[in-house]
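**Q** Dropping a structure here in structure tokens format, bear with me for questions.
The values are calculated or read from the model by the stated rules, or taken from the named source; none is laboratory data. Since this is a predicted model, take the numbers as computed values, not measurements. Ideal geometry is used to build each Cβ from the backbone, glycine not excepted, and the neighbour counts take in all protein chains shown. Keep in mind that these areas ignore ligands, DNA and RNA; they rest on the heavy atoms of the full protein, side chains included. Shrake-Rupley method; radii C 1.70, N 1.55, O 1.52, S 1.80 Å.
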Amino acid sequence: MGKELRNREIPFSTEVGSLRNPIDRKKAAVLISQGKPIGAFNRGVCAIWGDGSSPAFTESVSEIKGEKRGHRPLAASLTTKEFVSLLDPNKIPPELHSTFFDAHELAARTGSLCFFRGPITEAAAIKIPNSMVSRVDGVPVIQNWDSRGHRPTSALLRTVRNLGVRFPAVTSMNMSGEPEITDQGEGVKFAEEANIPFFLLDPDDQKKAVGSYTIIDVAAEGLRLIREGNIPSELLVELLGTSIDRSNSTTARSVQPLMFPADRIRGVNPRLARVAILSSLSGHRRTAEIALNAGKLI
């Protein structure tokens, strides 16, 4: 059905707003609460957001992204606290418990920088919409991106939750099998072709990250890199303070701008190292340097 959307004869006009404008965020949030998809530029990549519990939204995603998508699950945009509460400790190595079951610390180290894919309990799987749960060897799994650290998207999701949406969901904006869209103008064009009613631009994006986010799998064998993304995995290794198996990962589709090498944050307090990364992404080089220097003293 995705091809039909692209080939229709009746023109569709997508309303365009700003992710930095609270009025526009409210408009987008209302649409999400009504089961409609919205587009947004989310630090380096265009995304489709919606209510993961809405059949109308999940059907829209299938139509927009095309037949090749099949029944692939949507990613969640829960807070780290919510995500951690769903994880099954029996399916995660004990040596990772101190990292992945302290939600406050995990968010302070990694919030908004990557996706985590993790095993959840059967009790949790019952509570989560089917559209957001997959099974790996029979074990229920969800993939989550916490927006904490990207203020405008966090503000959007707070508004969405205030309107009663318990399970915000996200997927990349593209036809299945095609590269993700990294240009905001192209995102608006795609939204118009796909009948997405609203698109949120980010006029303040600094183009310091390009493409989809890194995905890290939390499994019984330890951490495994699924896909390299717009925040290099070398930095995430330092933030998490543990190794990540990168032997069978997918490479990033987009060439990443030079942020700074991993050795710049080696030995730096992980929380302040994350502050430095976020400051660099926002174009605040001086703030990044202050955070790095302060982190070396702790």
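**Q** Count the net charge of all other residues whose Cβ sits under 15 Å from the Cβ of I231, scoring Lys and Arg as +1 and Asp and Glu as -1. Don't skip to the end; give the middle numbers.
**A** On the way: positive: R43, R109, R148, K207, K208, R227, R246, R253, R264, R274; negative: D146, E180, D205, E228, E234, E238.
With Lys, Arg at +1 and Asp, Glu at -1, the neighbours total +4.
**Q** Return the percentage of antiparallel bridges among DSSP beta bridges fully within the chain, rounded to the nearest 5 %.
**A** Numbers: 24 of 37 bridges.
Around 65 percent of the beta bridges assigned by DSSP in the chain are antiparallel ones.
**Q** Next question, about the same structure. Karplus couplings for region 92-106 from phi (6.51 cos²θ - 1.76 cosθ + 1.60, θ = phi - 60°), rounded to Hz, Gly and Pro as x?
**A** My calculation for region 92-106 gives 10, x, x, 5, 9, 4, 5, 7, 9, 10, 10, 4, 4, 5, 4 Hz in order.
**Q** Ok, one more. Match the structure shown to one of the listed values (i) -0.32, -0.78, -1.49; (ii) -0.25, -0.64, -1.54; (iii) -0.44, -0.77, -1.27 of log10 I(q)/I(0) by the Debye sum over Cα atoms at q = 0.07, 0.11, 0.17 Å⁻¹, computed from it, and give that label.
**A** (ii)
**Q** Provide the solvent-accessible area of S53, counting protein heavy atoms only and rolling a 1.4 Å probe, rounded to the nearest 10 Å².
**A** Ignoring ligands and nucleic acids, S53 comes out at about 60 Å².
**Q** Just the accessible area per residue of region 219-287, please: how many Å² with a 1.4 Å probe? Don't skip to the end; give the middle numbers.
**A** On the way: 3680 Å² over 69 residues.
So region 219-287 comes to 53 Å² accessible per residue, rounded to a whole number.
**Q** Right, next: Give the relative contact order (percent, whole number) for the chain; include only Cα pairs under 8 Å separated by 6+ residues. All intermediate terms of the calculation are to be shown ahead of the outcome.
**A** Details: 591 pairs, mean separation 72.2, N = 298.
The normalised contact order for the chain reaches 24 percent.
**Q** What is the local net charge at F198, summed over the other residues whose Cβ is closer than 12 Å to its Cβ (Lys, Arg +1; Asp, Glu -1)?
**A** Values: positive: R25, K26, K27, K36; negative: E15, D24, E192.
Computed value for this residue: +1.
**Q** Picking from L163, S53, V275, whose Cα lies most toward the positive end of the charge dipole for the chain (charges on Cβ: Lys, Arg +1; Asp, Glu -1)?
**A** V275
**Q** Okay, next question. So how tilted is helix 270-281 from the main axis of the chain? Cα-based, degrees 0 to 90, rounded to 10.
**A** Result, in degrees: 40.
**Q** Same structure, new question: What pairs in K91/K127; K81/K127; K65/K189; K27/K208; K81/K296; K36/K127 have C-alpha atoms more than 25 Å from each other?
**A** Result: K27/K208; K81/K296 exceed 25 Å.
**Q** Does region 205-298 classify as rounded, prolate or oblate by the C-alpha gyration tensor (a ≥ b ≥ c root eigenvalues; a/c under 1.5 gives rounded; else a/b over b/c gives prolate, otherwise oblate)? Working shown, then result.
**A** On the way: a/c = 2.71, a/b = 1.31, b/c = 2.07.
Cα axes put region 205-298 in the oblate bin.
**Q** How far apart, in nm, are the 7 Å Cα→Cβ label points at I298 and S13?
**A** 5.0 nm
**Q** What is the helix-to-structure angle for 55-65, meaning the angle in degrees between its Cα long axis and the longest Cα principal axis of the chain, kept from 0 to 90 and rounded to the nearest 10?
**A** With rounding to tens, the tilt is 90 degrees.
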